[in-house]
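To keep things clear, I will list the structure first and then write my remarks on it.
Since every read-out is calculated from the coordinates, none of them should be taken as a lab result. Here the structure is a predicted model, which is why all the values come from computation and not from measurement. Counting neighbours? That spans all protein chains shown, and the Cβs are built from the backbone with ideal geometry, glycine included.
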Amino acid sequence: MATGDEFGLSVAASGLNAAERTLTIWADNLANQSTPGFEASLPEPSTGPATPVTPTGWLPQGAVQPGATATPAGVLLAAAARNTTQGPLVATGQATDLALTVPGYFPVRTASGVALTRNGAFHRDAAGQLVSPGGGVLLDLALKPVVVPPGPFTIANGQVVAADGQVVAQLGIATVPNPDGLIDLGGSLLGTTTSSGAPTFTPALGQDIVQGRLEGANVSLPQAMTALVTASGQFAAMATVGRMAERLAQTTNNLAVLP
């Protein structure tokens, strides 16, 4: 098979792969449109680097072999960017529901260590700890579990205040240098990596954390539906390119065996 034919198949394969990954990302965004604090992923397609291709195959007598040409490697899909824009705030009336109004994450303790989340749908466990939907225990600025005594409590200026007026915890906000490097741990929990960088913790102040509200997912339904339709069209187009490249390759091979 000629190198140019292989290139055509390579471009089609890369395009199919990029379209398939794009469909998967947007389908996941749609599936989480009702998940509090969910941050949508935005796929970023790019063009592969140019590579030299030297045409080969059958040439008529006296023809000059053409030189190498630079051809792109097809469509690639860079790692999806994390959309960190603020989602809409929804009032719930539940005292244990918390919403961040600034960039960053709630730090929670899991069996595997400290994880991060923007899903503030916490609840009290039997020990009075505030626990996330994914099972992580909310941590304060000192990375100790937030334990709330029985009865009503309020959050003011980032401080958890019990019914008797006692401050039981100072809440903190975790941030990382590169949110795109965070990995999904399931249950609305995110894990840090060398790519995301280590988290830093700062005190929540003012209205950084509001009580009785949840942050909605920042998924735009019209954008997601449009992206799914576009990616579906791209997948179909790349499949057509692949079939054409395969037919061209077969024709080239047939010509090569002519006497």
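Evaluate Rg over Rh across segment 83-128, taking Cα atoms for both radii and Kirkwood's formula for Rh.
Looking at segment 83-128, the ratio lands at 0.99.
Run the numbers on segment 164-225 and let me know its relative contact order in percent, using alpha-carbon pairs under 8 Å that are six or more apart.
31 percent
Near A169, within a Cβ-to-Cβ distance under 9 Å, what is the net charge of the other residues, with Lys and Arg +1 and Asp and Glu -1?
0
Pull out a ≥ b ≥ c, the square roots of the eigenvalues of the alpha-carbon gyration tensor of segment 89-215, then state rounded if a/c is under 1.5, prolate if not and a/b is larger than b/c, and oblate in the remaining case.
prolate
Based on the mean of other beta carbon atoms within 10 Å per residue, what is the order of 156-165, 132-141, 174-183, most packed first?
132-141, 174-183, 156-165
At 0.36 nm per residue, minus the direct Cα-Cα distance, what do V102 and H123 gain on full extension? Give it in nm, one decimal, please.
Extra length available between V102 and H123 comes to 5.4 nm.
Hey, how many Å between the Cα centroid of segment 80-138 and the Cα centroid of segment 205-219?
Spelled out, the Cα-based centre of one part sits 10 Å from the other.
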